[in-house]
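The values are calculated or read from the model by the stated rules, or taken from the named source; none is laboratory data. Everything numeric here is computed off the predicted structure, so don't read it as measured data. Backbone-built Cβ (ideal geometry, glycine too); neighbour counts: all protein chains shown.
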Amino acid sequence: MPIDETLSRFSDWSFTTAAAIYVLALVFFLIEQSFGAKGRQAAERQKQRVRELAGAGGPSVTVIEPATPATPAAPVQGGRAERIGKMGAALLVLGVLMHFAALLLRGLATHRVPWGNMYEYGMAVTFVAMVTWLVVIKKFDVRHLSGFMLLPVVILMFVDGTMLYTVAAPVQPALQSYWLVIHVAAAASSAGLFLVPGVASVLYLFRSAHDRNPAKFPRFGPKLPSADILDRIAYRTTIIAFPIFTFGVLCGAVWAEAAWGRFWGWDPKETVAFIAWVIYAAFLHSRATAGWRGTRAAVINVIGLSATVFNLFFINLVTTGLHSYAGVG
């Protein structure tokens with residue numbers, strides 16, 4: 001079927017619009033992160049006070065501590081920075097919707113799944129990352145950290161839309177297989193999911209360094225959530241992403257056998273994917289058996305993210321292998 005140029009153009013516009021919205025949301029979240037810490041700290045003190053009253057048999061009511069001359073009362077649930085953060089959250093949702101529209105329109109324009117080349121694959125990876133982050137915000141109440149998640153996503157989208165952009169077209173005959181739907185969808189989903197624990201682990205390293213030595217990162221460290229929260233975000237998202245990644249690797253092996261007559265050939269992309277799999281498996285195994293929950297686990301997660309990004313860009317764009325013609329795999 002011929003390519004629908006109109007829908008393809010609308011997809012490009014939606015992608016560009018989503019990236020622009022993310023940049024604006026990034027600015028809003030950085031403002032909240034920089035200037036909204038006092039309000040969050042006051043809210044936490046208020047919640048703790050309410051819990052203490054309830055535990056002592058007192059009424060579960062909101063208690064606002066009186067201001068002192070040295071420390072004026074900070075807005076507990078309001079404040080300009082918090083309102084800006086809420087605006088950023090609204091923009092984030094709008095950006096995700098535009099991002100989804102870009103994927104959907106690309107698929108409708110090409111009459112296939114919209115992850116048949118590097119440009120579309122990058123679009124899918126960043127979309128999964130942002131949807132995952134929306135769930136994390138809802139679960140862990142870490143909206144003010146969204147700027148740190150948006151920064152790598154915006155960079156990836158900029159590279160994707162400039163250096164990797166590909167005109168809408170049918171995929172090559174070798175990719176016209178139902179395994180394109182299954183294998184590449186699993187690979188893109190796991191890569192997007194892995195972005196979240198990678199960012200959380202980087203922030204964990206900053207927070208734990210500050211906790212050990214308050215002189216380190218004195219302005220940045222206290223504004224981050226507790227190390228325990230960041231550790232739980234990294235662990236829970238990794239434990240979801242890893243089975244999907246494993247499924248994608250297995251599906252890739254089955255597709256390779258059907259296309260090339262062997263399940264595994266140590267192609268550069270296969271090799272780095274296997275290395276990344278071993279890294280994440282080591283992370284989960286160490287958490288389950290050795291009880292690693294500190295800096296060592298965070299470092300392993302960051303190394304895993306580095307391997308994933310290396311596989312996404314360097315292997316696809318620099319090396320030559322059986323996956324080079326596809327740009328994905």
Residue that is of a type in the set (A, V, I, L, M), surrounded by fewer than 23 Cβ atoms within 10 Å (Cβ to Cβ), in contact (Cβ under 8 Å) with a residue 24 or more places away in the chain and over 20 Å from THR16 (Cα atoms), where the choices are VAL171, VAL96
VAL171
Test ILE244 against the stated conditions and say whether it is closer than 30 Å to THR110 by Cβ and at pLDDT 95 or above.
yes
Mind checking which pairs have a first residue in segment 206-219 that is part of a helix (DSSP H, G or I) and a second that is β-branched (Val, Ile, Thr) and surrounded by 11 or more Cβ atoms within 10 Å (Cβ to Cβ), Cβ under 8 Å, 6 or more apart or different chains?
SER208/THR295
Among (1) within 26 Å of ALA129 (Cα to Cα); (2) under 25 Å from the mean Cα position of the chain (by Cα), where does PHE217 come up short?
(1)
Could you tell me how many of the residues in segment 153-168 are part of a helix (DSSP H, G or I) and touching a residue at least 12 places away in the same chain (Cβ under 8 Å)?
8
Does SER146 satisfy the condition of being under 25 Å from PHE10 (Cα atoms), at pLDDT 90 or above and polar (S, T, N, Q)?
no
Within 15 Å of the chain's Cα centre (by Cα), part of a helix (DSSP H, G or I) and within 19 Å of PHE245 (Cβ to Cβ): does that describe VAL199?
yes
If you check PRO268 against the conditions, is it farther than 18 Å from LYS138 by Cβ and not basic (Lys, Arg)?
yes
